[in-house]
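Here's the structure we're looking at; comments come further down.
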Amino acid sequence: MTIAPEGRRMLRVEARNSETPIEDKPAWIKAKAHIGPEYTSLKSLVRKQELHTVCEEAGCPNIFECWEDREATFLIGGEQCTRRCDFCQIDTGKPADFDADEPRRVAASVSEMGLRYSTITGVARDDLEDGGAWLYAETVRQIHNLDYSDGSGTGVELLIPDFNAEPDQLAEVFSSRPEVLAHNVETVPRIFKRIRPAFRYERSLSVITQARDAGLITKSNLMLGMGETNDEIIATLRDLHEAGCDLITINQYLRPSPRHHPVTRWVKPADFVMLRDAAEEIGFSGVMSGPLVRSSYRAGRLWATAMRHRGQQIPAHLSHLDKHTPAKQEAQAVVDTFGPGEEVDLTAEQ
């Protein structure tokens, strides 16, 4: 019997994945640390207050850039998910006890960190009667209710599971009115069931459509390097836009451990530029594409882009987000640094 690091028996798919060694990364898969004053201040505060963010605990390569902008991501609902996706670092297991005080504590962390924009994500909680809908919604409400002395506020991007596309559960989530409602499709229809067996492609699209119909700015993410082709990615971009998706992030899949799905290709930087251009031509309000872009990367900036695209005024308390700042992981910046690159096909080695 093969044992996973958590002490549980390894799933058959995990054992099969483990037969493929972790792949060597190309030169462009790296983030150069730039430690600025805001990052240093935030790092000190997080240590002092013993706060927890996904940024640190997941080892996100963009933490230096995002924290310099006072943006951070929090995970709610516990550390065990009731579903398993073949790319995801979060483990599957018995969920944590329901914690009704968690939204207040997350909001307190947002306040103590002085964040300008926060992303809230979480695990699927199929064990709960409402799928965790109240927990997600209440966290947004608590953050929106923070009172800052200078009159500013914190924008919230809410990244949700699909809640089985249940209208009542989604209505509860949508009622909290996050600045952005995100649901990540992650991959293309042909391999979707293999990569995300507990989700359904059409169901995920319907979540985005319901969010759009509720008047929310919507967002999704696509990861490259799990067996798809660029043509399939472009077709999926069209599906997402037709479903009502406003914002899209596109990035390279990085394998969290040998138990996870092997990387099938390292997509060259020039292809991320091409896919960005394709997404913009399709009609997305905002696009962020690059190997190390993550779904929450420069999230406040993308929201402001969508607001301008809609011709809507950005509220005064969030006006700090309406400014152009450099995005070091954006595709063109990566090409400028490393050149267009050459795609590395890893399937022959697997």
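The values are calculated or read from the model by the stated rules, or taken from the named source; none is laboratory data. Bear in mind the structure is a predicted one, so any value in this text is a computation, not a measurement. Virtual Cβ from ideal backbone geometry, glycine too; neighbours counted across all protein chains shown.
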Inset, instruction - Determine, yes or no, whether residue 319 is free of Cβ contacts under 8 Å to residues at least 12 places away in the same chain, within 26 Å of residue 55 (Cβ to Cβ) and among the polar types (S, T, N, Q). - result: yes
Legend entry - Residue satisfying condition, being touching a Ser or Thr at 6+ places or on another chain (Cβ under 7 Å) and polar (S, T, N, Q), within set 154, 218, 209, 229: 154
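Let's see how each residue does on (1) polar (S, T, N, Q); (2) on the phi < 0 side of the Ramachandran plot:
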position	(1), (2)
147	no, yes
156	no, yes
160	no, yes
164	yes, no
167	no, yes
186	no, no
205	no, yes
Legend entry - Enumeration of residues in segment 14-57 that are at pLDDT below 85, closer than 21 Å to residue 334 by Cα and of a type in the set (D, E, K, R): 30, 32
Inset, instruction - Could you tell me which residue of segment 249-295 is surrounded by the fewest Cβ atoms within 10 Å (Cβ to Cβ), considering only residues that are within 14 Å of residue 331 (Cβ to Cβ) and among the hydroxyl-bearing types (Ser, Thr, Tyr)? - result: 249
Legend entry - Count of segment 64-80 residues which are without any contact (Cβ under 8 Å) to a residue 40 or more places away in the chain, in contact with an Asp or Glu (Cβ under 8 Å, 6 or more places away or on another chain) and either surrounded by fewer than 24 Cβ atoms within 10 Å (Cβ to Cβ) or in a strand (DSSP E or B) (or both): 1
Inset, instruction - Among what's in segment 304-328 and is surrounded by 19 or more Cβ atoms within 10 Å (Cβ to Cβ) and in contact with a Gly (Cβ under 6 Å, 6 or more places away or on another chain), pick the residue that is nearest to residue 60 (Cα to Cα). - result: 321
Legend entry - residue 99, sole failed condition from (1) assigned to a loop (DSSP other than H, G, I, E, B); (2) within 30 Å of residue 15 (Cα to Cα); (3) not polar (S, T, N, Q): (2)
Inset, instruction - Kindly indicate the residue of segment 204-251 that is of a type in the set (Gly, Ala, Ser), assigned to a helix (DSSP H, G or I) and over 18 Å from the mean Cα position of the chain (by Cα) and also farthest from residue 282 (Cα to Cα) among those meeting that condition. - result: 206
Legend entry - Number of the condition not met by residue 335 [criteria: (1) of a type in the set (A, V, I, L, M); (2) within 17 Å of residue 246 (Cβ to Cβ); (3) assigned to a helix (DSSP H, G or I)]: (2)
Inset, instruction - Quick one: in segment 9-63, of everything that is part of a loop (DSSP other than H, G, I, E, B) and of a type in the set (Asp, Glu), which residue is surrounded by the most Cβ atoms within 10 Å (Cβ to Cβ)? - result: 23
Legend entry - Members of segment 129-174 that are assigned to a loop (DSSP other than H, G, I, E, B), polar (S, T, N, Q) and surrounded by fewer than 19 Cβ atoms within 10 Å (Cβ to Cβ): 145, 149, 152
Inset, instruction - Take segment 296-305 and flag every residue that is within 14 Å of residue 331 (Cα to Cα) and either of a type outside the set (D, E, K, R) or in a helix (DSSP H, G or I) (or both). - result: 297
Inset, instruction - Test each condition in (1) modelled with pLDDT of 95 or more; (2) under 29 Å from residue 39 (Cβ atoms); (3) not hydroxyl-bearing (Ser, Thr, Tyr) for residue 133 and report the one that comes out false. - result: (2)
Inset, instruction - Look at residue 86 and say whether it is at pLDDT below 85 and touching a strand residue (DSSP E or B) at 6+ places or on another chain (Cβ under 9 Å). - result: no
Legend entry - Odd one out for residue 91 among (1) closer than 19 Å to residue 288 by Cβ; (2) in contact (Cβ under 8 Å) with a residue 60 or more places away in the chain; (3) not aliphatic (A, V, I, L, M): (1)
Inset, instruction - Return the pairs, sorted by first residue and then second, in which the second residue is crowded, with 22+ Cβ neighbours inside 10 Å and among the aliphatic types (A, V, I, L, M), the first residue lies in segment 277-293 and is within 15 Å of residue 221 (Cα to Cα) and without any contact (Cβ under 8 Å) to a residue 24 or more places away in the chain, the beta carbons are less than 6 Å apart, and the residues are 6+ apart or on different chains. - result: 280/287
